[in-house]
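The values are calculated or read from the model by the stated rules, or taken from the named source; none is laboratory data. If you're wondering where the values come from, they're calculated on a predicted model, not measured in any experiment. We place every Cβ from the backbone using ideal geometry, glycine too, and count neighbours over all the protein chains shown. Ligands, DNA and RNA are excluded from the accessible area calculation, which covers all protein heavy atoms including side chains. Shrake-Rupley method; radii C 1.70, N 1.55, O 1.52, S 1.80 Å.
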Amino acid sequence: MGVVLVFDIEGDMALFRKPYTTTSMVSYPFPPPTAVAGMLGAIVGINHEASQNAKNARYWDKMKGVQIGIAMQSPLRWINTAVNLMKLKTLNEKMTEHIQVKHQLVKKPRYRIYVKGGEIYSELKHRLEREEFIYTPCLGAAYALATITYLGEYEAVAADPAAGFNTIVPAYEGLELDIVRSGSVFSEQVPVQLTNSRRLSHTILIYYTPPNKEEKPVLYVRNQGELQSSMVNGEKVAWFNAW
């Protein structure tokens, strides 16, 4: 089933803004696949060519064939605050006007990212092993600086269908949840991929169980349907389809 790179990324705060929010910033509780693609691009140093055109997101060309899994490793906590934004038209104009924009931030998050396949695999492994990241890693917003801890490269093996998932679970065709065994289950519609001009390509419904201080989250399903899964270092990973 191949080999998998595993790393943790954490910080004091995170902001993965939901696209429908405008004057108020509301965050996903975890990085959606589009944000993970940005993290991988930052680590290996893929130029998105936005300096030539602000709409460019050329790193998606390098993401073909990459599969990811995402797990929440810390209890879900929120920060609600207001941020001052200044109105500035030119460099010489005084900043006399400002507005306060409400922000919802994830407090002290830690996420585990699983990566396999794709042409960036070797370079990603090299950068993680050496702890050399070309661009500064962050958790959504540029001011939400992140720390990355490389956990290693592991062999992916076949998973027991009866075992519970330790990651976020994408709702591919035929997936049936076992809510009674899982307990609390939450859902989100998340962006999966963008085009090279930053247009939304497609989204997917996902399910997750937030972790608590005592134990890791476990989400059980009765039928996986088209969902791909494997065991990686003792954890059952649900894979997003390859980009």
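Table for the structure above
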quantity	calculated
Rounded to 10°, Cα long-axis angle of helix 33-44 versus longest principal axis of the chain	80
Packing-based ranking, highest mean first, of 144-151, 226-233 given that Cβ atoms within 10 Å are counted	226-233, 144-151
Nearest 10 degrees, 0 to 90: helix 121-130 Cα axis against the chain principal axis	70
Distant-in-sequence amide H partners of Gln193 (H built 1.01 Å from N, under 5 Å)	Ser201, His202
Long-range HN-HN contacts of His103 with modeled amide H, under 5 Å	Met25, Thr81, Ala82, Val83
Residue list for the range 5-39, given a label point 7 angstrom along the Cα-to-Cβ vector of Leu85 and an amide N cut-off under 16 Å	15-27
Residues whose placed amide H lies under 5 Å from that of Leu175, excluding near-sequence neighbours	Glu226
3J(HN,Hα) from dihedral phi, the range 179-187, Karplus parametrisation 6.51/-1.76/1.60, rounded to Hz, x for glycine, proline	5, 4, 6, 6, x, 6, 10, 10, 9
Size of electric dipole in the range 143-241: Cβ of Lys, Arg +1 and of Asp, Glu -1, about Cα centre, debye, nearest 20	340
Gyration tensor (alpha-carbon) shape descriptor, the range 121-174, a/c threshold 1.5	oblate
Mean Cβ count within 10 Å, highest first, over the residues of peptides 179-186, 162-169	162-169, 179-186
Prolate/oblate/rounded label for the range 95-219 (Cα gyration tensor, a/c 1.5)	oblate
Computed log₁₀ I(q)/I(0) - Debye formula, equal Cα scatterers, no solvent, the range 1-135, q 0.11, 0.12, 0.15 Å⁻¹	-0.53, -0.62, -0.90
Protection-proxy order for peptides 215-223, 27-35, each taking the mean of Cβ atoms within 10 Å per residue, highest first	27-35, 215-223
Cα-based convex hull, the chain, per residue volume (Å³, whole number)	136
Sparse-neighbourhood loop sites, chymotrypsin sites (Phe, Trp or Tyr not before Pro) in the range 17-62 - DSSP loop, at most 10 other Cβ within 10 angstrom	Tyr20
Spatially close lysines, pair count over the range 23-152: Cα under 25 Å, gap of eight or more or interchain	11
Residue-normalised accessible area of the range 9-141, given per residue in Å² at a 1.4 Å probe	53
Whole-Å distance, taken between Cα centres, linking the range 171-234 and the range 144-160	17
